[in-house]
Amino acid sequence: MTELVIQNLYKRYGEVEVLKDINLTVKTGEFTVFVGPSGCGKSTLLRMICGLDEVSSGEIAIDGELMNAVPPSKRGIAMVFQSYALYPHMSVAQNMGYALRLAGESKELIAERVTRASEILKIDDYLDRKPRQLSGGQRQRVAIGRAIVREPKIFLFDEPLSNLDAALRVDMRMEFARLKDRLGTTMIYVTHDQVEAMTLADKIVVMRDGRIEQVGSPLDLYHHPENRFVAGFIGSPKMNFLPVTGGDGARLRLPGGSVAAPRIGKPFEIGVRPEHMEITDGAENTLTGNVLTSEHLGSDTFAYVQIEGVERPAMVRLDGERQITHGEDVSIGFADSAVHYFGSDGLTISQAQVPAAA
Amino acid sequence: MPTDLSQAADARTFRPSPHAKRGGLRAGQGRFGVMLLLPALIAFSLIVLSPFVQALGLSLYKYTISTPEPIFVGLANFKKLLADPTVRGSFVTTAVYVFFTTFFSITLGLAWAIILNEPFKGRNALRGISLLPWIMPATVSAFIFGWIFNSRYGVLNAVAMEFGFIEHPQAWLSTTSGAMTAIVMVKVWLSIPLFMSFFLAGLASMDREQIEAARVDGAGNYNVLKDHILPHLRPVILVVVVLGMIGNLQQFDSIYALTGGGPVRATSVLSVEVYRRAFEQWDIGMAATIGVLWVATILPPAYFYLRQLMKGAE
Ligand SMILES: Nc1ncnc2c1ncn2[C@@H]1O[C@H](COP(=O)(O)OP(=O)(O)O)[C@@H](O)[C@H]1O
Ligand SMILES: [Mg+2]
């Protein structure tokens, strides 16, 4: 039973407010990912949870106990740093056993746990090496091993994959998923990469400028973003946004076409994901534009369509075999259900809970 | 493999580029290096090497105020010296002095560096002030300490009497241990800035996340120091120990200014002994002999220091 609760948390460095009114609950065994652009305060929040820095105000509690003044080593957490922060003068085995040694555990217990963790992570062949004799991926494993050995209640990971090359990153991402199933421990994982967040998380916490924008499951965020920022941040390739230029009761006028008006609200902007668009005439909504260029990835074809009056060309995801002629005028079609509506305040105009009071 | 062979048969020849350097890419760099070194080599020969060779020569002669011309005596000076209890005493005094100065300079320099490495208000100002002993001439420092230890109006006497540790003013510098303590203190005070700077530079390259990771692992201040800071500073400590030993073996001005080697011979380290023999007793041959032995004691630490430097340069 390891529940982490954060209440009304603020962090200021002098005049600068880095975290603003953070409220969050992480349940036992949950894999929670903090995601957001660089500098939005993810690491700072993780450091508060870890206890490396003091909070300016607010509460952090683990299992109902207030943690604000508890030192990191007494919080039952383990942290994997972005730089790995391995101890360069110690061997891999000493690195992994260090916390247990400090806690005064017996040599046998340390050896046993180090062996077990190194087997899980497939680093048992390197136990006598120094960190500098290891590759980036191996160092990463040692850093994770050092955390596992302590058998913490909560794991904290700060951008653990950002120092690895692309291929290794995909492999390690899979390992994280495996580790999560195997250990079943509560994990908090920080990344700026929304793909990592989508693939690993039970629960995603989207952050921007020191605030939490939305909390939810990956599909929740994908289908029901609460605001324009989350809609644009989650999903790859990014959602296409189009300004609303006018309209009557039933239809909204857009550059290059129109779209069904929502049942309530006054939309300022609409969004449609590339994968929900087609190049076709026969759809509920159509927009006309001119094909600027296309990308053939084999599995997919991405067409960039310039719509008059919109700065960014709209991206449409098509079948991998589809051939597109550049410079051709085309119609982009999409269903009513694919449309996200946003008000002038950037908030989603939700169609799920239509007028009870109105 | 056949494909490889056919490729080899196809190998083309290229014409040389008109921009190619005749002796290869690095041609001329060696000569340039020697040219850069030349002024230093000339200065070294004139100022260091030639007096040393002269001293080496003089150590084989009897050359005192009563001998108008130096008389060649072979190794007689060395024989006489090794049998001379005052010279052996000088070696012991030097060893005591070098040990305590090096030990305290390093521990206090390290402690001060660790304090000044923590972020706090006014840190930079304090760092600046800490360099003061380094900038001041050693004789001025000795003068200040002379005033502190003075038997009549000294600061130490005033403070100690104020707190009731002593009843009457003490002549600190006139006891063997008091004089030694004083010259060690001066040298430690003089050395701290340099050693602190070495350690601060070493601490600056320390990975902050490593220490944070150790804290999460449960390390307190003691373990952070022992398991992380000291291992990280190991190469620096090695260099500083050797550098400190060399500097302390050579120390002269602050000792001579404070105690003149006294009381009697209590603080007569080798440098002072050489000075006394040469310029008080005018026994140049003996002074040179002591000098040669003295250099011989400096050579091993100097060798280690240079080796460490070379290792760093690789
Ligand atoms: N010690 C500090 N002093 C002042 N500002 C800081 C400090 N640490 C972080 N910040 C600021 O807080 C913001 C959030 O930083 P961080 O949590 O590292 O972002 P992220 O991990 O999301 O990229 C940044 O704008 C950064 O400049
Ligand atoms: Mg960060």
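The values are calculated or read from the model by the stated rules, or taken from the named source; none is laboratory data. Computed from a predicted structure; not experimentally measured. We place every Cβ from the backbone using ideal geometry, glycine too, and count neighbours over all the protein chains shown. Note: areas computed on protein heavy atoms with side chains; ligands, DNA, RNA excluded. Shrake-Rupley method; radii C 1.70, N 1.55, O 1.52, S 1.80 Å.
Determine the pairs where a residue that is in contact (Cβ under 8 Å) with a residue 40 or more places away in the chain, located within the range B:150-174, has a partner that is surrounded by 16 or more Cβ atoms within 10 Å (Cβ to Cβ) and among the aromatic types (Phe, Trp, Tyr) with Cβ atoms under 7 Å apart, the partner being 6 or more residues away or on another chain. These pairs meet every condition: B:Leu173/B:Phe149. A Cβ distance below 8 Å, combined with a sequence gap of six or more or placement on separate chains, defines the contacts here; from the range A:14-40, residues that are small (Gly, Ala, Ser) reach residues that are within 9 Å of ligand 1 (Cβ to nearest atom) in the pairs A:Gly36/A:Lys42; A:Gly36/A:His192; A:Gly36/A:Met207; A:Ser38/A:His192. Listed residues A:Met187, A:Met174; which is in contact with a strand residue (DSSP E or B) (Cβ under 7 Å, 6 or more places away or on another chain), away from every other protein chain (no Cβ under 14 Å) and of a type outside the set (Asp, Glu)? Selected residue: A:Met187, the only one of A:Met187, A:Met174 that is in contact with a strand residue (DSSP E or B) (Cβ under 7 Å, 6 or more places away or on another chain), away from every other protein chain (no Cβ under 14 Å) and of a type outside the set (Asp, Glu). A single member of A:Ala99, A:Ala85 is touching an Asp or Glu at 6+ places or on another chain (Cβ under 7 Å), part of a loop (DSSP other than H, G, I, E, B) and small (Gly, Ala, Ser), and it is A:Ala85. For the range A:59-73, the criterion of being in a strand (DSSP E or B), within 14 Å of chain B (Cβ to nearest Cβ) and of a type outside the set (Ser, Thr, Tyr) is met by none of the residues.
In summary, strands (runs of 3 or more DSSP E) completely within the range A:249-324 and bearing 3 or more residues that are hydroxyl-bearing (Ser, Thr, Tyr) occur at A:285-296. Checking the structure you have, find out if any residue of the range A:139-150 is within 16 Å of ligand 2 (Cβ to nearest atom) and assigned to a loop (DSSP other than H, G, I, E, B). No.
No other residue among A:Ser57, A:Ser73, A:Ser38 is crowded, with 17+ Cβ neighbours inside 10 Å and assigned by TED's automatic domain parsing to the domain that holds A:Gln138 apart from A:Ser73. Condition (residue is buried (at least 20 other Cβ atoms within 10 Å of the Cβ) and within 16 Å of ligand 1 (Cβ to nearest atom)) applied to the range A:232-242: is it met by at least one residue? Yes, that holds for at least one residue.
Residue count for the range B:97-152 under the criterion of being surrounded by fewer than 12 Cβ atoms within 10 Å (Cβ to Cβ), hydrophobic (A, V, I, L, M, F, W, C) and in a loop (DSSP other than H, G, I, E, B): the result is 1. Exactly one residue out of A:Leu52, A:Leu24, A:Leu46 is touching a strand residue (DSSP E or B) at 6+ places or on another chain (Cβ under 6 Å) and within 16 Å of ligand 2 (Cβ to nearest atom): that is A:Leu46.
Scanning for something free of Cβ contacts under 8 Å to residues at least 24 places away in the same chain, within 10 Å of ligand 1 (Cβ to nearest atom) and under 24 Å from A:Gln140 (Cβ atoms), does the range A:81-102 turn up at least one residue? No: the range A:81-102 contains no residue that is free of Cβ contacts under 8 Å to residues at least 24 places away in the same chain, within 10 Å of ligand 1 (Cβ to nearest atom) and under 24 Å from A:Gln140 (Cβ atoms).
The residues of the range B:183-225 that are in contact (Cβ under 8 Å) with a residue 12 or more places away in the chain, touching a Leu at 6+ places or on another chain (Cβ under 6 Å) and of a type in the set (Gly, Ala, Ser) amount to a single one, B:Gly202.
Can you say whether A:Leu200 is away from ligand 2 (no atom under 16 Å from the Cβ), crowded, with 21+ Cβ neighbours inside 10 Å and away from chain B (no Cβ under 14 Å), as far as the supplied structure shows? In short, yes.
Has the range A:31-40 got at least one residue that is touching a strand residue (DSSP E or B) at 6+ places or on another chain (Cβ under 8 Å), among the aromatic types (Phe, Trp, Tyr), within 12 Å of ligand 1 (Cβ to nearest atom) and part of a strand (DSSP E or B)? Yes, the range A:31-40 contains at least one residue that is touching a strand residue (DSSP E or B) at 6+ places or on another chain (Cβ under 8 Å), among the aromatic types (Phe, Trp, Tyr), within 12 Å of ligand 1 (Cβ to nearest atom) and part of a strand (DSSP E or B).
Is at least one residue of the range A:146-164 open to solvent by less than 10 Å² (accessible area, probe 1.4 Å), aromatic (Phe, Trp, Tyr) and either modelled with pLDDT of 90 or more or not assigned by TED's automatic domain parsing to the domain that holds A:Leu19 (or both)? Scanning the range A:146-164 turns up at least one residue that is open to solvent by less than 10 Å² (accessible area, probe 1.4 Å), aromatic (Phe, Trp, Tyr) and either modelled with pLDDT of 90 or more or not assigned by TED's automatic domain parsing to the domain that holds A:Leu19 (or both). Taking (1) touching a Lys or Arg at 6+ places or on another chain (Cβ under 8 Å); (2) under 25 Å from A:Leu219 (Cα atoms); (3) surrounded by fewer than 17 Cβ atoms within 10 Å (Cβ to Cβ); (4) not charged (D, E, K, R) in turn, A:Gly246 satisfies each apart from (2). Being more than 19 Å from B:Lys80 (Cα to Cα) and among the acidic types (Asp, Glu) is true of B:Asp253. Only one entry of B:Ile237, B:Ile290, B:Ile255 meets the criterion of being in a helix (DSSP H, G or I), in contact with an Asp or Glu (Cβ under 7 Å, 6 or more places away or on another chain) and touching a residue at least 60 places away in the same chain (Cβ under 8 Å), and that entry is B:Ile290.
Listed here are the residues, each with its yes/no results for (1) within 13 Å of chain B (Cβ to nearest Cβ); (2) among the hydrophobic types (A, V, I, L, M, F, W, C); (3) under 19 Å from B:Asp217 (Cα atoms).
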position	(1), (2), (3)
A:Val80	yes, yes, yes
A:Tyr87	yes, no, yes
A:Met90	yes, yes, yes
A:Met96	yes, yes, yes
A:Ala111	no, yes, yes
A:Leu121	no, yes, no
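Check A:Ser135, A:Ser118 and return the single one that is touching an Asp or Glu at 6+ places or on another chain (Cβ under 8 Å) and more than 16 Å from ligand 2 (Cβ to nearest atom). Of A:Ser135, A:Ser118, the one residue that is touching an Asp or Glu at 6+ places or on another chain (Cβ under 8 Å) and more than 16 Å from ligand 2 (Cβ to nearest atom) is A:Ser118.
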